[in-house]
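First up is the structure itself, then whatever we jot down about it.
The values are calculated or read from the model by the stated rules, or taken from the named source; none is laboratory data. Being a predicted model, the structure only gives us computed values, none of them experimental. We work out accessible area using only protein heavy atoms, side chains counted, and drop any ligands, DNA or RNA first. Shrake-Rupley method; radii C 1.70, N 1.55, O 1.52, S 1.80 Å.
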Amino acid sequence: MLWQILKVKSDAVLNVHDYLSENNIEVYTPFETKYLRTSKQQRKKRVRISYVEPLFKGYLIIKVEGNTNRLAELIAKNANIYGFIMHNDAPYCLSLNAIDDLKEIYPTGYKTSKHSKKNRQKKYKPDVFKQYSPGELVQFKTGSMAGLQLSVQSQVDNNLILMLNILGTPRKVETAIENIKPVT
């Protein structure tokens, strides 16, 4: 099992993610949820439109296992995929520690779009989670970032948008509520 990086068209990252996922290729795409207002009418109603933006524009992280002939065929069929990032004439392989660290910060990763057939057939039971208020201090329960204090920016469904200060630079991080506990 190897994690490798695919170079794709920067505006087609999520479409390629869906394409590979539908063909049973495991893809991990960390993302950020962004918000915008597009008209004066929306400002009056205080309506915000949310959209998903990949953290690494133009790149996908995929898990390569076993026979790669099928994967090569899928890549050749899709014009939005340029190919693998290469190192010494072979696809560059990411270390498992790098993927684990990335998954700790962005645990959910992008899932296939809401409109795909698979997701329309699933029935979800809403989970009840603690409500956090902006500015509240929280920390990760487990992992290498356990005990690190972050401040809550906002809560979207069962995810929290947190502010992480990395080397003096604030960075928004989205994580599932079940990974977080309040600071006591």
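A few points about this structure:
- Pairs spanning more than 21 Å between alpha-carbon atoms, out of K34/K172; K103/K181; K9/K63; K103/K141; K34/K141; K9/K77: K34/K141.
- Surface accessible to a 1.4 Å probe, M86 within the full protein complex, Å²: 110 Å²
- Computed with a 1.4 Å probe over protein heavy atoms only, the accessible surface of the stretch 131-178 comes to 55 Å² per residue.
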